[in-house]
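Student: Take a look at this one; I'll ask things after.
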Amino acid sequence: MRRFAIMLAALLCVGTARGADIAVALTDDRVEVDADFSGADLTLFGAVTGVEDDADAFDIIAVITGPSGDFNVRPLEQRGIIWLPGDPAIIKDAPRFYASSATRPINDIAPLPDQAQFELGVDNIAAVDLYADGDAAHPFNAAFLDAQETDGHYQDRVGGVSFVKGALFTISAALPASTPVGDYAVAVYLYRDGVMIDSDTAELRVNKVGLERRIYDLAHQRPVLYGLLCVAVSLLAGWIAGLAFRKS
C-alpha cells in the first residue's frame, strides 16, 4: 500500500508545461509464469496532471504490446477429394500479444492518421496491415487476426480505461494462460476533442519461473542438448510403455 501511495505521489508531481500531462506506472513490472499459470488480470495506474476542469473531458487510449515474432498462415487447398494445407504466408514481426484499452471507441477518440501511426487498435497493427501489399482485408490477414483474437492474444477493449477519482485512472488487461514471455511495452495517449495532448510509456516483463524457466532457458540457450534430451525422454517413455503392455 505504501508503494502504491508513493507511486501515485510521483505521478501527480509530473510537470504541467502543456496544460495537461499523462503519466502511467505499474504496481509490479514483472509477471511470473509457471506450470500452473492460468492467466492473470493486469492493472496499471496513472494520473492526468494540470487538469483545470473535469477529467471526463479527456479520453485515454492504452496499448500493451508484447514481443514480436513471425507467423505462418496456411490456407487449405482442395487436392482431389481431400483438403491439405497449402504454401504458408508469412506475417513478419507481428506482436505476439496486443491489447488496447480506451475510455470510448478508438474511432470516436483518435483521427485515422493517429490510429495508423501509433497502431491504435488491432486493425491498425502495421505488421498485419502491410501484408499482401497493404490489403488489410486480405483473407490471410483476416484469418490471422481471428486466430489471435480467439486465443486472447489480440484484444480491443472499450472501457478498459476508467477514471477512479478525479484525474487518477486505471487500465486493465487480461493475460491469457498462453501469454508469451518477453519484454512488453505499455503506451498511453491522452486526447481531448480529437487532439493528442500527451503520451507516456512503461515497460513490463513476463518471465517463466521454476522448472518452466529451466526448460525454457535450456531450449533457447542450448537447443542441441534440449533436442537430445527430448529424444531420450521419448525413447524412455516408449520403453516403459512397452514393458507395461508386456506385463498386461
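The values are calculated or read from the model by the stated rules, or taken from the named source; none is laboratory data. Computed from a prediction, not measured in an experiment: that's the story for all the values here. All Cβ positions, even for glycine, are placed from backbone atoms using ideal geometry, and neighbour counts span all protein chains on display.
Student: Of all the residues that make up the stretch 53-101, how many are under 29 Å from D198 (Cα atoms) and in contact (Cβ under 8 Å) with a residue 12 or more places away in the chain? Full working, then the answer.
Tutor: As a first pass, look at the stretch 53-101 and keep what is under 29 Å from D198 (Cα atoms): 53-68, 93-101.
Add one more test, that the residue is in contact (Cβ under 8 Å) with a residue 12 or more places away in the chain, and what stays is 55-68, 93-101.
Going through the stretch 53-101 one residue at a time, the tally reaches 23.
Student: Quick one: which residue in A127, A94, A99 is under 30 Å from V31 (Cα atoms) and at pLDDT 90 or above? Before the answer, list the steps.
Tutor: Details: A127 fails: at pLDDT 90 or above; A94 fails: at pLDDT 90 or above.
Result: A99 is the single residue among A127, A94, A99 that is under 30 Å from V31 (Cα atoms) and at pLDDT 90 or above.
Student: Turning to a different aspect of this structure: Does A142 qualify as being in the same structural domain as G39 (by TED's automatic domain parsing) and without any contact (Cβ under 8 Å) to a residue 40 or more places away in the chain? Let's see the steps before the verdict.
Tutor: Details: in the same structural domain as G39 (by TED's automatic domain parsing): yes; without any contact (Cβ under 8 Å) to a residue 40 or more places away in the chain: yes.
Yes: the conditions hold for A142.
Student: While we're looking at this one, here's another question. Determine whether I171 is closer than 17 Å to F97 by Cα, modelled with pLDDT of 85 or more and of a type in the set (A, V, I, L, M). Before the answer, list the steps.
Tutor: Values: closer than 17 Å to F97 by Cα: yes; modelled with pLDDT of 85 or more: yes; of a type in the set (A, V, I, L, M): yes.
Yes.
Student: Where residues in the stretch 58-91 are surrounded by fewer than 11 Cβ atoms within 10 Å (Cβ to Cβ) and not in a strand (DSSP E or B), which of them is nearest to the chain's Cα centre (by Cα)?
Tutor: D87
Student: What number of residues within the stretch 172-206 satisfy the criterion of being surrounded by 15 or more Cβ atoms within 10 Å (Cβ to Cβ), hydroxyl-bearing (S, T, Y) and touching a His at 6+ places or on another chain (Cβ under 9 Å)?
Tutor: The qualifying residues number 1.
Student: Please identify the pairs in which a residue from the stretch 166-193 that is basic (K, R) has its Cβ atom under 6 Å from the Cβ atom of a residue that is buried (at least 21 other Cβ atoms within 10 Å of the Cβ) and at pLDDT 85 or above, counting only partners at least 6 apart or on another chain.
Tutor: R192/F58
Residue-wise test of (1) part of a loop (DSSP other than H, G, I, E, B); (2) modelled with pLDDT under 85.
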residue	(1), (2)
A137	yes, yes
A142	no, yes
D156	no, no
S199	no, no
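Student: Moving on. Does A94 fit the bill of being part of a helix (DSSP H, G or I) and farther than 15 Å from G160 by Cβ? Walk me through it before giving the result.
Tutor: Numbers: part of a helix (DSSP H, G or I): no; farther than 15 Å from G160 by Cβ: yes.
Judged against the criteria, A94 is not a match.
Student: I'd like the residue in the stretch 145-168 that is of a type in the set (D, E) and closer than 23 Å to A89 by Cβ and, out of all such residues, is surrounded by the most Cβ atoms within 10 Å (Cβ to Cβ).
Tutor: Going through the stretch 145-168, the residues of a type in the set (D, E) turn out to be 146, 149, 151, 156.
Retained after the next criterion (residues that are closer than 23 Å to A89 by Cβ): 146, 149, 151.
Details: D146: 11, E149: 14, D151: 12.
My answer is E149.
Student: Give the stretch 158-182 a look and list any residue that's more than 10 Å from the chain's Cα centre (by Cα) and assigned to a strand (DSSP E or B), or say none.
Tutor: V158, V161, S162, F163, V164, K165, L168, F169, T170, I171, S172, G182
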